[in-house]
């Protein structure tokens, strides 16, 4: 049996908003309440919108910054400053959406978009993925290098919003409270501070196009994305309440900061910089450094909170392998356990894995490919090791010896 629908607003009969059925019409509780307010000279309250926001808030389960950071700690090793910045930004963002009516005044709260600066594999994307997963909000991840100005080969900037709508399964209301992560934003920096005379369709042009959606505006987006599906009816999406997180490695930014501080970045007698020196310099980044790097001031002005991520050390790599909830070693132990095989890693083997990842300069994301290469032959013959224990040693990682089987 089909549910009764209100003839005035289209709401479906529910426990919270029951619909009363008459001979020739149906009306819901919300419309009766609004009609009562009108008859008594009061402004009718937007009951449906209020009810929808409350439902969304219940789903999102607004958490404190400390609670958000605790969640991030379970999946991301180190990077405490970046975790705090992102936790505060997300908390303030959703508090702004759901609790703005608690204090009745004319003050408007602006959103705080985030810029994450850190080397490849340091956890920028993982931070955004983790926080969206535990807030149960849609997340769209886009690579800035694939974006171009409208009319040129490549993705339009608006396609980023399309991906968010798709991540929300077509629910525009939910998408309008989601998170968009734009990676490799440093790759769309213009080549110099001077305005380019010629077209820069994948650099400054993209930054200009991003301004509109990052600041907050109603954009028309194709439901299936891009120009590959012409003739689509465009969807209208308001980006005012979408949180934008931009990330990039910003190679060469360190030299810009050192020059500003008057340090000599050239010469034969330069001491080899340590990781701590690098992290200290990058943490001092300011707006004018990013302008010199090639980001336009208007875009920087819309990325209000900046956090720097540190380079990952060998010890960090070992922790990443073993400690997070979805740590790679835990995943392999579970895979082997499914075939009733025990898997163990010696500490020296873990350190060697970490060392290899650092040498390849791929960050934490390089750990999986290293492990897959090492474990391939073992997993090929895995079923025959049933009820046995396989131990991975340093020599196995270096491919000098077969694993121990007991």
Residue 301 fails exactly one of (1) in contact (Cβ under 8 Å) with a residue 24 or more places away in the chain; (2) in the same structural domain as residue 130 (by TED's automatic domain parsing); (3) surrounded by fewer than 17 Cβ atoms within 10 Å (Cβ to Cβ), namely (1)
Every listed condition ((1) crowded, with 20+ Cβ neighbours inside 10 Å; (2) under 33 Å from the mean Cα position of the chain (by Cα); (3) over 30 Å from residue 133 (Cα atoms)) holds for residue 291 save (1)
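For the structure I just gave you, tell me whether residue 77 is crowded, with 18+ Cβ neighbours inside 10 Å, in a helix (DSSP H, G or I), in the same structural domain as residue 124 (by TED's automatic domain parsing) and modelled with pLDDT of 70 or more.
So residue 77 fails the test.
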Every listed condition ((1) in contact with a strand residue (DSSP E or B) (Cβ under 6 Å, 6 or more places away or on another chain); (2) within 28 Å of residue 127 (Cβ to Cβ); (3) surrounded by fewer than 16 Cβ atoms within 10 Å (Cβ to Cβ)) holds for residue 388 save (2)
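The values are calculated or read from the model by the stated rules, or taken from the named source; none is laboratory data. Everything numeric in this text was worked out from a predicted model, so none of it was measured. When we count neighbours, we look across all protein chains shown, and the Cβ atoms used for this are built from the backbone with ideal geometry, even at glycine.
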